[in-house]
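The values are calculated or read from the model by the stated rules, or taken from the named source; none is laboratory data. Keep in mind that what you see is a predicted model, and the values were worked out from it rather than measured. The area values use the complete protein model at the heavy-atom level, side chains included, leaving out ligands, DNA and RNA. Shrake-Rupley method; radii C 1.70, N 1.55, O 1.52, S 1.80 Å.
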Amino acid sequence: MLKHLLFINFVLQRIHLGDSLLKDVVYVIDRSGSVTGSNFNEAVNFIYMVTEYLTIGNDAFMVSIVTYSGSNRLEFALNTYSTNTSLLAAINGLSGTVTTGNTHTGEALQYVQSDILQISNGARTGVDKVVVVLTDGASNGAIDPGAAADSLRSDGVEVFAVGIGTSHLIELQDIANDPASYHVMYVSEFIYLCGLIPALVPKLGNYSDIIGYRNFNNPLEK
């Protein structure tokens, strides 16, 4: 396992995801009361490390982050940061976010479609759109997350679901694009999230078939 991870890291450093590749990526991160402050920081670290492998710029990847609980909060829009350095600093700045409230995942996805993936918030015409949802539990809002994700898909958006725990696995599968074996990733605890980096990074850049990344959707955790 360790040798495989080291080899993957070696390859990822040479892919330079974003070269000649344009994508708008929105991370949707659960900050509800079930997520402790330290666990939210683990989620931020995971997003930071994934994004380190992306080339950021107007002619490459652009990234937005939405956090949610019983309400939605745009942390920054797709066109807020156009360099790796500034974007990574902004992501790192999310550490220490106060977590509280419900888990309205459906409402968050609806918000992403209606407000974030819009030209007014930096979405680019004719560019592939990706949403990555990270949550630790089942939604308890009024809007069905699967239906909200289906609406995103009707606009051509590719949706990935990253779960902590498996009690809400069916919901994760409803949120994610088909096949679920490709678009759903999960771990048992937040501290293991970084083990999913080899699964997610190549998929964001359409390089997932290079060295068998699908094996890391549920990595060996110990």
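Let me know the shape class of the range 32-92, please: from the alpha-carbon gyration tensor, a ≥ b ≥ c as square roots of the eigenvalues, rounded when a/c is under 1.5, otherwise prolate if a/b is greater than b/c, or oblate. It is oblate, given that a/c is not under 1.5 and a/b is not larger than b/c.
The range 141-161 and the range 78-99 have their alpha-carbon centroids 25 Å apart. Pull out a ≥ b ≥ c, the square roots of the eigenvalues of the alpha-carbon gyration tensor of the range 46-168, then state rounded if a/c is under 1.5, prolate if not and a/b is larger than b/c, and oblate in the remaining case. Judged from the Cα gyration tensor, the range 46-168 comes out oblate (a/c at least 1.5, b/c at or above a/b). Per residue, the accessible area of the range 44-197 comes to 39 Å², computed with a 1.4 Å probe over protein heavy atoms only. Coordinate range of the alpha-carbon atoms in the range 94-137 per principal axis, descending: 36, 23, 16 Å.
Can you classify the range 57-103 as rounded, prolate or oblate using the Cα gyration tensor, where a ≥ b ≥ c are the square roots of its eigenvalues, rounded means a/c under 1.5, and otherwise it's prolate if a/b beats b/c and oblate if not?
oblate
Across the range 152-169, computed HN-Hα scalar couplings (Karplus, 6.51 cos²θ - 1.76 cosθ + 1.60, θ = phi - 60°) run 4, 4, 5, 8, x, 7, 8, 10, 10, 10, 10, x, 10, x, 10, 5, 10, 4 Hz from first to last residue, x flagging Gly and Pro.
Surface composition of the range 127-196: carbon and sulfur make up 48 percent of the accessible area, probe 1.4 Å.
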